[in-house]
Amino acid sequence: MPPRRTLLLLCALFVWFNAGVEEWRLGHWGEIAEHPARILWPPWQPLRAYVSRESDERLYFQYSRLILGEEPDLDYLARKRQGDPEKNRRELAPLIRQGPGMRMPYRDFPLEYPPLPVALMLLPRLVASSLAAYRVAFGAQMALVFLLLALVAGRLGETAQVWKRMGWLALAIGPILCSRLDLLPALLVAAALLALDRRRDVLCGALFGLAILAKLYPALLMLPLIALLRRRSLKIAAAAAVTGLLASLPFLIAAPRAFLQSVALYGARPFQIESLPGGLILALRGKEAVIGSFGSYNAATPPALAALADVLFWGSLAALAAAAALRGGQVKRWMAAVLALILCTSKVLSPQYLIWLLPFPALLPDLFRWSIVACALTQAYYPFLYDPLLDAQPLVVLVLLLRNAALVVLAVRAVRGASAPAVAPGMV
């Protein structure tokens, strides 16, 4: 069981994360906009302001409205796509099926997410019909997912210490934990590792198959698993493939092209400005390099450089899988190394991607400190200093570069740790 004090502190932390002011989230600051000093008193005012962030719950709410047959906010959805809002609205409107009845993702409206997170978008609608209520319900839901993740991680490691580290990681990552879907694949990956530790290979594969339908990166975490386990990996990979196929079948039948296009969207993207290459381009070329596309802010990328980045990405992952096959070791360490390398070489690196690190820094103490540093530095510029980052203000760009440097150190330590002889028995 988790330590009672740590559990209570985590619950208090998530209550705080969900205590934002809806009007502030929407940008309606009232007299505070004219007199910013008033945000400092009473003393709980800055604490509420810190967690009053406009985030992706609003997008999920609009997707839930689309699925339930309700009228969505097309202006908001058009703005989320970046670029010219009027043009985006004209392009988006014909893609949404009109008329009564529930709508099917991919077939009746475009969805740039894998299918499994749709369940988490819809569950809060059982108790919430307004955006403000939806935010609270969604945040409570993600707090429960985090606690489940910590519980699974505690069974994989030394319970008390794992829970303590998970608490520090939650504080370092911040309120974004409650407003994004990335805890879901992290939970499924941790559960798959626990199943692997219990030698329940079919269950491990099924959980990986579901994790891939929540976010694509768990498919890459299977590379070292396959390299290390070999014979057992055939059963795991088969279970993952069958589970993923069965869960995707309704969408593959109803809208195969739209579904596969949403899965392949990553490959067409340029460097996001927060990625390692994007940050360097931003530092060298300034705000003229920033372009809005694919629903994010990206750095204008020469095609040759983007192609080179793809080679580096896949080449480094293949090299890690080969090293795992040659040297052996623990699955969780090689997975942590793959994950850290993904963060360093990916063309896309949004702030919520650091949630993917969970629960590895809690299980591997040598990765804990640099994970905390990377998460804390991310909060230092996101979201409140994001506009100055887009303007390439030097101090904010420096914070981004320091965050990316912390990720590089984390990756180096993760690779070294995976390559070293295992200090504890067992494959996990």
Query raised in the report: Does VAL145 satisfy being crowded, with 23+ Cβ neighbours inside 10 Å, at pLDDT 95 or above and closer than 21 Å to VAL118 by Cα?
Result: no
**Report entry** helices (runs of 4 or more DSSP H) enclosed by the stretch 345-417 - at least 1 residues per element that are of a type in the set (Lys, Arg), modelled with pLDDT of 95 or more and crowded, with 20+ Cβ neighbours inside 10 Å
**Finding:** none
Query raised in the report: Taking the stretch 85-98 on its own, how many of its residues are surrounded by 12 or more Cβ atoms within 10 Å (Cβ to Cβ) and either touching a strand residue (DSSP E or B) at 6+ places or on another chain (Cβ under 9 Å) or among the β-branched types (Val, Ile, Thr) (or both)?
Result: 3
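For (1) under 23 Å from SER371 (Cα atoms); (2) part of a helix (DSSP H, G or I); (3) in contact with a helix residue (DSSP H, G or I) (Cβ under 6 Å, 6 or more places away or on another chain); (4) small (Gly, Ala, Ser), each residue gets a yes or a no:
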| site | (1), (2), (3), (4) |
| --- | --- |
| SER233 | no, yes, yes, yes |
| GLY244 | no, yes, yes, yes |
| PRO250 | no, yes, no, no |
| GLN261 | no, yes, no, no |
| GLY292 | no, no, no, yes |
| LEU308 | no, yes, no, no |
| ALA324 | yes, yes, yes, yes |
**Report entry** Enumeration of residues in the stretch 144-193 that are touching a residue at least 60 places away in the same chain (Cβ under 8 Å), farther than 14 Å from PHE360 by Cβ and among the basic types (Lys, Arg)
**Finding:** LYS164, ARG180
Query raised in the report: Quick check: anything in the stretch 76-84 surrounded by 12 or more Cβ atoms within 10 Å (Cβ to Cβ), among the basic types (Lys, Arg), closer than 23 Å to LEU183 by Cα and free of Cβ contacts under 8 Å to residues at least 60 places away in the same chain?
Result: no
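So which of ALA214, ALA119, ALA191 ends up being farther than 30 Å from LEU77 by Cβ and either buried (at least 24 other Cβ atoms within 10 Å of the Cβ) or within 19 Å of the chain's Cα centre (by Cα) (or both)?
One residue alone meets the criteria, ALA191.
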Report task. Please find, among ARG48, ARG107, ARG65, the residue that is surrounded by 15 or more Cβ atoms within 10 Å (Cβ to Cβ) and either touching a helix residue (DSSP H, G or I) at 6+ places or on another chain (Cβ under 6 Å) or polar (S, T, N, Q) (or both). Result -> ARG107
Requested in this report: Select, from GLY315, GLY328, the only residue that is closer than 30 Å to ALA160 by Cβ and not aliphatic (A, V, I, L, M).
Outcome: GLY328
Query raised in the report: Is it the case that some residue within the stretch 14-22 is over 23 Å from LEU120 (Cβ atoms) and either surrounded by fewer than 18 Cβ atoms within 10 Å (Cβ to Cβ) or at pLDDT 90 or above (or both)?
Result: yes
Query raised in the report: Which of the residues belonging to the stretch 299-313 are out of contact with any Ser or Thr (no Cβ under 9 Å at 6 or more places or on another chain) and surrounded by 12 or more Cβ atoms within 10 Å (Cβ to Cβ)?
Result: ALA300, THR301, LEU305, ALA306, LEU308, ASP310
Query raised in the report: Restricting the search to the stretch 325-344, which residues are among the β-branched types (Val, Ile, Thr) and either surrounded by fewer than 21 Cβ atoms within 10 Å (Cβ to Cβ) or under 22 Å from ARG180 (Cβ atoms) (or both)?
Result: VAL338, ILE342
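The values are calculated or read from the model by the stated rules, or taken from the named source; none is laboratory data. Keep in mind the model is a prediction, meaning the values are calculated, not measured. Because the Cβ atoms are built from the backbone with ideal geometry, glycine has one as well, and the counts that use them run over all protein chains shown.
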